[in-house]
There are 2 protein chains.
Amino acid sequence: MKIQTECVPCLLKRIIFEAEHSTKDKKLRTKTIKNACKLLSELYDPNICSATIATKVHKIAYETLGDHDPYKDLKERSNKIAQSLVPQVEELIKKSDDPLRTTMLCSIIGNLMDFGISGASEHPELLREIFEETFAEGLGHDDTKEIKRLLSKSKYVLLFTDNCGEIVFDKILCRELKKFNPDIFLTVIVKGEPIISDATIKDVEELEFEEVSDEIFTTGCFAIGIDFEKIPPMLEKALNQADLIICKGMANYEAFSETDYYPIAYLLRTKCTAIANSMNLPLNINAVKIYE
Amino acid sequence: MKIQTECVPCLLKRIIFEAEHSTKDKKLRTKTIKNACKLLSELYDPNICSATIATKVHKIAYETLGDHDPYKDLKERSNKIAQSLVPQVEELIKKSDDPLRTTMLCSIIGNLMDFGISGASEHPELLREIFEETFAEGLGHDDTKEIKRLLSKSKYVLLFTDNCGEIVFDKILCRELKKFNPDIFLTVIVKGEPIISDATIKDVEELEFEEVSDEIFTTGCFAIGIDFEKIPPMLEKALNQADLIICKGMANYEAFSETDYYPIAYLLRTKCTAIANSMNLPLNINAVKIYE
């Protein structure tokens, strides 16, 4: 997705959130905001991918703050909250007549734990309060049937993860993907470096993803979504041989929608009109949408 | 009020709104956004008044767009919509056992017609839909009793107006102020140049404010709220001799809260947390608050 005008204030809002979350030093906060505005004034170009610009703006914010992981505590809290919801999620899956679909929905609800933007929860603990009502909303766009069709004949499946918190539900998703088709070779991809509240190798190791996947890769770098110019060769090879790519969250859509990797399924909450419009979906829905 | 971090994305949102409203030329829109970000990166300073920075950022946006009045049509539509609501407002005042208070409330509801920011109506026509429910909300903070006390012993009263649309109700407010105390000398102040959706001399002339006021001044320049370094000497004199200053809208609060002009009453809708927090009021209420 190319950057939209509305991405500019939204990105700055997030930068302010991370500056205020990272430090009490007002001078440092001010410097971070000024640097982010300056870089945006240089980089803003409606022909450039939103994720590419966001990566660079977050990079300068992290550097200015001297903080390589401003969301560290929020990520830990998010994982904890999500783990406390696992029994509820397992019960819903057990009772469901479509376990894979139910798992995908729960995994998308986890995507509501996102910070510093509108349409997401303000603090991890909120997820507990909104889980049930969001589950009741169901999938506002539902291509799970198409995913199952592809999944049943797939060998190589990639899962690009997004935030901490939801990563806990993504583990259950991996298990259910393999239950649906035990023959798949499942590669899970996390971020190469801490960036916003996204999951890194630390999270999947702690959550023992090796139990439910065949391979774990990282994106190899600091990037919102994925920076295709910097991905490790092994990941590039995996992308080229994938029979199905599953992406969690908006940033992966922002990055992948600029590529020709197909078939690709996005599992996300449409938290902003830029993404919702680009995907031709309503705002604030749980969506499973496939592009073949 | 000093600029708050949240003012930065909000101001940019407004700049984007006016760029998109002013031109279909995407290059010009992009240039406007880039210039606004650049200027913000230079000017952002938590020790500076928000209105001062906003004035400069809007100035560069207008210059880049080559448009000295991007809100022209919205202002005209706002006035029309407000005028269509006058019979309803007059009926409410007529029925009211506190006409001045009811008039103030209606005049504040008009303040909801504001564009390109959250907490306000997206288009003028929306006011018609939300008028009744907003009226039913009443005043969330009500210092009308104190205003009346001051008004009854005042000679020189100044009314600083805000947006078009609400200016129609401000005329009724002038009439009711004079009805309450016929001895006051009422000066109405509008903006010296078109800036966002604020009323200018053109509006008060068309609405025949001379019927309800004794004197009409302008702020003398292009400014969000008021630029005290550029006000005409006559307005400065009026400010110094005023027994009561009444200000409509948030921008006037942003500017006047940095001065020592008292007693001063603000009539506004708290459309953002920056203002709400600064005034120690809840968000999204109709407020009449006096500082003595």
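The values are calculated or read from the model by the stated rules, or taken from the named source; none is laboratory data. Here the structure is a predicted model, which means the values were calculated and not measured. When we count neighbours, we look across all protein chains shown, and the Cβ atoms used for this are built from the backbone with ideal geometry, even at glycine. In case anyone asks, the SASA skips ligands and DNA or RNA and just uses the protein heavy atoms, side chains included. Shrake-Rupley method; radii C 1.70, N 1.55, O 1.52, S 1.80 Å.
Miscellaneous remarks
- Single residue of the range B:187-240 satisfying the filter (in contact with a Cys (Cβ under 6 Å, 6 or more places away or on another chain) and of a type in the set (A, V, I, L, M)) that is surrounded by the most Cβ atoms within 10 Å (Cβ to Cβ): B:ALA199
- Being more than 11 Å from chain B (Cβ to nearest Cβ) and under 30 Å from A:LYS171 (Cα atoms) is not true of A:ALA61.
- All positions within the range A:121-147 that are within 24 Å of A:ASN79 (Cβ to Cβ) and open to solvent by less than 10 Å² (accessible area, probe 1.4 Å): A:SER121, A:PRO124, A:LEU127, A:PHE131, A:THR134
- Boolean, A:ASP243 is buried (at least 20 other Cβ atoms within 10 Å of the Cβ) and among the acidic types (Asp, Glu): no
- Filtering the range A:1-47 to residues that are open to solvent by 50 Å² or more (accessible area, probe 1.4 Å), under 21 Å from the mean Cα position of the chain (by Cα), over 14 Å from A:ALA274 (Cα atoms) and more than 10 Å from chain B (Cβ to nearest Cβ) leaves only A:HIS21.
- The residue that is modelled with the lowest pLDDT, among those in the range B:238-292 that are β-branched (Val, Ile, Thr) and in a helix (DSSP H, G or I), is B:THR273.
- In the range B:148-186, the residue that is most open to solvent (accessible area, probe 1.4 Å) out of those that are touching a helix residue (DSSP H, G or I) at 6+ places or on another chain (Cβ under 9 Å) and assigned to a strand (DSSP E or B) is B:TYR156.
- Residues satisfying the stated conditions in the range B:279-292, i.e. closer than 22 Å to B:LEU158 by Cβ and under 17 Å from the mean Cα position of the chain (by Cα): B:MET279, B:ASN286, B:ALA287, B:VAL288, B:LYS289, B:ILE290
- Residue within the range B:110-122 that is over 17 Å from the mean Cα position of the chain (by Cα), part of a helix (DSSP H, G or I) and either within 11 Å of chain A (Cβ to nearest Cβ) or touching a residue at least 60 places away in the same chain (Cβ under 8 Å) (or both) present: no
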